[in-house]
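Enquirer: One structure is given below, represented as structure tokens, and several questions about it will come after.
The values are calculated or read from the model by the stated rules, or taken from the named source; none is laboratory data. Note that the coordinates shown come from a computational prediction; the quantities given were computed from them, not determined experimentally. Positions of Cβ are generated from backbone atoms using ideal geometry, with glycine treated the same way; all protein chains shown enter the neighbour counts.
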Amino acid sequence: MKYSYILLLLLFLQQFSIAQNCESERYQKAVFNNVTVTENITYGSADLYDVLNIPLEFDIKMNVYEPMGDTRAKRPVVFMSFGGAYIIGNKNHEDMKAWCDSLARYGYVAVSLDYRLGLNALSEGSAIRAMYRGVQDTRAAIRYMLEYQNDFRIDPEHIYLGGESAGAINSLHTAFMQEADRPQQTYGIPLENFDLGCLDCSGNNFQHSFDIAGVIDLWGAVLDLNYIGASEEIPTLIIHGTNDFIVPVDEGYPFITDFNLTFPYVYSSEVINQRMDALGIYNEYYPYQDQGHLFYGLPDGIITFPNEFWNPVWTQGHEFLYKTMEFVSPDPTGEINPIGGQNYTYSVPNNNGSVYCWEVMGGTVISDNGDNVVVQWDGGMGSISLTEENCIGVIGAKSNVLGIDATVGLFEAENLSGIHLFPTLLNVGENIFIESDNDIEEYNISIFDTSGKLIYDSIINNNSFISTRNLNAGLFIVKIKSGDNFTFRKIVIK
């Protein structure tokens, strides 16, 4: 019985050829057991909020989490920002550590970043300026990582932002707010009369443009729904407790006790979801019924994090990130009516850093050059398809299958005229007579069965014959070739 299974396997492998092997659970499971954390990296310095309105430079730091032992040259990067109403908090909050540690184990580079705190709680303009400083700092952290992208091995095409509460507000505004959207209060208000500068005019002098690939918004909000425009197609995950009294789930003023309305009016999860749906921007909205602010547990002070809500929130987060990276592998191009026994090249557009895993049935991969393969077809029916593993290690959905009919190719080729084959209906043992109207003296004659198998090959002179005494009854294809020109003729032996 064991030898029968081996024989069946060998027969299968003769028909099915794979030039590479694209299989990975990266970004879908914790494929790394350990994480390397580099703490307190200074990514910039900027003026603190100060009630005396005196410029004070302050170093701003971040912690970087990487999968230990990872050898991939490029990885997506996720920047996570803590909450605390722009008054309290830091990059070492337990929830930020949990997010970054978990992301790194799934294969990401994760960054927990500090940003400048401080505001005048009696001034709406001061709160808006605090948010703007958070956006400037987030952008400075991104520019820092792009400046040292080779050291951290990040992919500039896959930059993600996430955060909770004030950190989510930073992330949403970093993703969607443009320079033209800059609030008037950032140019100066009473008691804070200095200009905060442009979006990229703070933190460091690194010059990098970038796009955001997606946002994880945990109970955040925006100042103006018009920041989210039709052209800003940034996928967004939105999670919020429906009984949140700190950041309202729909729209309104933060903090239910804020009777003096000293914080700005904000637009939150429900209306952000509606806005994105109306504009056709991909988003996922998960309202947690009857839950309040920070419902997965307080991340500092009296430690209650994580509670039973951490796992579902984390699952929705990492599954969302993976969805934004999913793609369909490109379709291969090449001859669909080949000639059995000959070599043909099939290719896809080159995507730098990708690995292509070709799958061939009914033929043999002669050479694999990455974005193209050379295949020798057996004849008859076959197929070719591929799976792409891109530069960050995401496995694409399998391409469409390119159907191959080598038999049709044998019957349809008609490149050499003036050839006559007499007769085409023969008894076993009769001769095939070939006559040509051309002045060509020699021809290469090949005979194939209908599976494409070569069973006869010779060079003959014009007006010659071939004996069929070694052929059995059946349908055969005669290939007659001179130079680069050839034709096919059917013969039937009975």
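Enquirer: Within region 147-164, is even one residue in a loop (DSSP other than H, G, I, E, B) and touching a residue at least 40 places away in the same chain (Cβ under 8 Å)?
Expert: Checked against the condition, which is being in a loop (DSSP other than H, G, I, E, B) and touching a residue at least 40 places away in the same chain (Cβ under 8 Å), region 147-164 yields at least one hit.
Enquirer: Turning to a different aspect of this structure: What tally of residues in region 464-494 results from selecting those that are closer than 16 Å to residue 342 by Cβ and part of a strand (DSSP E or B)?
Expert: 9
Enquirer: On to the next question. Restricting attention to region 89-121, which residues are modelled with pLDDT under 95 and of a type in the set (A, V, I, L, M)?
Expert: 119, 121 - these are the residues of region 89-121 that are modelled with pLDDT under 95 and of a type in the set (A, V, I, L, M).
Enquirer: Continuing with the same structure: Which members of region 267-308 meet the condition of being over 18 Å from residue 320 (Cβ atoms), surrounded by 14 or more Cβ atoms within 10 Å (Cβ to Cβ) and among the aliphatic types (A, V, I, L, M)?
Expert: 271, 279, 294, 298
Here's the yes/no breakdown for (1) of a type in the set (Phe, Trp, Tyr); (2) touching a Phe, Trp or Tyr at 6+ places or on another chain (Cβ under 6 Å); (3) modelled with pLDDT under 95:
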| site | (1), (2), (3) |
| --- | --- |
| 157 | no, no, no |
| 160 | yes, no, no |
| 171 | no, no, no |
| 175 | no, no, no |
| 178 | no, no, no |
| 186 | no, yes, no |
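Enquirer: Would you mind finding the one in 255, 206 that is under 27 Å from residue 325 (Cβ atoms), surrounded by fewer than 23 Cβ atoms within 10 Å (Cβ to Cβ) and not β-branched (Val, Ile, Thr)?
Expert: 206 is the lone residue from the list that is under 27 Å from residue 325 (Cβ atoms), surrounded by fewer than 23 Cβ atoms within 10 Å (Cβ to Cβ) and not β-branched (Val, Ile, Thr).
Enquirer: Is one or more of the residues making up region 37-52 in a strand (DSSP E or B), modelled with pLDDT under 70 and of a type in the set (Phe, Trp, Tyr)?
Expert: no
Enquirer: Right, another one. Of the residues 244, 200, which single one is outside any strand (DSSP E or B) and surrounded by fewer than 21 Cβ atoms within 10 Å (Cβ to Cβ)?
Expert: Just one listed residue meets the conditions, 200.
Enquirer: Still on this structure, please answer the following. What pairs come up if the first residue lies in region 384-408 and is surrounded by fewer than 19 Cβ atoms within 10 Å (Cβ to Cβ), the second is among the β-branched types (Val, Ile, Thr) and assigned to a strand (DSSP E or B), and their beta carbons are under 6 Å apart, counting only those six or more places apart or on different chains?
Expert: Taking only residues 6 or more apart or on different chains, the pairs are 397/328; 398/387; 402/384.
Enquirer: What number goes with the only condition from (1) under 30 Å from residue 327 (Cα atoms); (2) buried (at least 24 other Cβ atoms within 10 Å of the Cβ) that residue 148 does not pass?
Expert: It is condition (2) that residue 148 fails.
Enquirer: Continuing with this model, one more query. Which members of region 445-490 meet the condition of being exposed (fewer than 15 other Cβ atoms within 10 Å of the Cβ), touching a residue at least 40 places away in the same chain (Cβ under 8 Å) and among the polar types (S, T, N, Q)?
Expert: Within region 445-490, 451, 472, 485 meet the criteria.
Enquirer: Are any residues in region 209-219 within 14 Å of residue 273 (Cα to Cα) and either surrounded by fewer than 23 Cβ atoms within 10 Å (Cβ to Cβ) or of a type outside the set (Phe, Trp, Tyr) (or both), and if so, which ones?
Expert: 215, 216, 217, 218
Enquirer: Any chance region 220-230 includes a residue that's crowded, with 24+ Cβ neighbours inside 10 Å, within 18 Å of residue 111 (Cβ to Cβ) and touching a Phe, Trp or Tyr at 6+ places or on another chain (Cβ under 8 Å)?
Expert: Looking for residues that are crowded, with 24+ Cβ neighbours inside 10 Å, within 18 Å of residue 111 (Cβ to Cβ) and touching a Phe, Trp or Tyr at 6+ places or on another chain (Cβ under 8 Å), one finds none in region 220-230, hence no.
Enquirer: Right, something else. Got a sec? Which of 265, 227, 282 is in the same structural domain as residue 132 (by TED's automatic domain parsing) and over 16 Å from residue 176 (Cβ atoms)?
Expert: After ruling out the rest, the residue left standing is 265.
Enquirer: Please state which one of 137, 95, 114 is closer than 22 Å to residue 203 by Cβ, touching a Gly at 6+ places or on another chain (Cβ under 8 Å) and in contact (Cβ under 8 Å) with a residue 12 or more places away in the chain.
Expert: 137
Enquirer: List the strands (runs of 3 or more DSSP E) inside region 303-389, counting only whole elements, that have at least 2 residues being of a type in the set (Phe, Trp, Tyr).
Expert: Correct list: 343-347, 355-361.
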